[in-house]
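Heads up, the thing below is written out as structure tokens.
All of the numbers you see were taken from the coordinates with simple rules; none came from a lab. All of these numbers come straight from a predicted model, not from anything done at the bench. Every residue, glycine among them, receives a Cβ derived from its backbone with ideal geometry; neighbour counts consider all protein chains shown.
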Amino acid sequence: MSGAQGSPRPEPGQSLPPQALILTREDLRRYADASGDHNPIHLDDDVARQFGLEDGVIAHGMLVMGRMATYVQSTMGGSSPTSFRVRFRSPVRPGIPLVMTGHVVSVDAETVVVQVAVAARAGGAPAVTGTWTGRLGSSQRVE
Amino acid sequence: MTAQNFQWDPERVGERSRPILHEVSAEVVAAFRAAVDPASVADPSPSTLAVRLQTLDVPGLTLPPAGVIHASQEFLFPAGRALKVGERVRVVGWLDSVRQRARLAIVVVVNQMTAAPRDRGDLDDRPDDTVLLVETRTTVMVTVPDGVIP
């Protein structure tokens, strides 16, 4: 997790560049195969509806979380995660245009805290929110 | 990889599961990478990705039954180092708490992944001398069926 050398030190309040995201049914199937989580609410519309998901299948929470982690880490240079916490506030469905956003909450000598969210691109409350804490890369720390 | 879950028995809160031994395979890392970080597939070096991919679905982490609501998820990485392909890890999990609110049960499941310290060989060499690589805390909400007395 060494990451890029020479990445700039993050600043409190700094926004991460928004990133578009659309999860496809193929993404869900691929994640199910990788993780072993073949829960049919992620793969079968009929079963999903039986469990009250009227619009059919929903994405694995962990798949969304993984995409969020990738998003944060790709913008945080050499930082490596020490914790990542997310809340799944509403289901994420395949085929819906989403946007990931984030901002730096705090930075001290060695760590950075980033808040991140996934919401529909059309607007509305975030479906997933999270707090990512990382140890700054060697070039980002204050000695 | 996550298929080895333990039973969700509210009578067994705090009881640790049998340890699951797991070897970090290049194939699984590649599969997670394709799912979670597709843009990186062109990158030939998977090693730096291992901690954020492999541990996002820890073996032993519960596969909640269909119908439960995955409410929140936490990952802690206390060792501050990545997993390596080929490294062997041990995972233990337990139901940490079960709280009842009306017809909703809030269940918290914890899993811990340990490995041998980098400079001390494999898990089998000194099974009691390990480092905690990852701790996960999964919170789900389960609707209690009619007729079941909480």
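One decimal place: the segment A:Asp108-A:Ser74 gains 10.2 nm when fully extended, by the rule 0.36 nm per residue minus the C-alpha distance.
A Cβ-based charge dipole, computed about the Cα centre of the range A:2-143 with Lys and Arg at +1 and Asp and Glu at -1, lands at about 240 debye. Taking a sphere under 13 Å around the Cβ of A:Val86 and counting the other residues whose Cβ falls inside, with K and R at +1 and D and E at -1, yields a net charge of +4. Taking the number of Cβ atoms within 10 Å of each Cβ as an exposure proxy, the fewest-first ranking of A:Arg89, B:Arg101 is B:Arg101, A:Arg89.
Our summary gives chain A a relative contact order of 32 percent, counting only alpha carbon pairs under 8 angstrom and 6 or more residues apart.
Each residue of the range A:91-96 was assigned a 3J(HN,Hα) from its phi angle through the Karplus expression (A = 6.51, B = -1.76, C = 1.60, θ = phi - 60°), giving x, 9, 9, x, x, 8 Hz with x at Gly and Pro.
Under the simplified labelling scheme, the A:Gln115-B:Ala30 pair shows an inter-label distance of 4.1 nm, with each label point 7 Å from Cα along Cα→Cβ.
In plain terms, the residue of B:Met113, B:Met141 with the fewest other Cβ atoms within 10 Å comes first and the most crowded comes last, giving B:Met141, B:Met113.
When each of A:Ser79, B:Ser97 is scored by the number of other beta-carbon atoms lying within 10 Å, the sequence from fewest to most is B:Ser97, A:Ser79.
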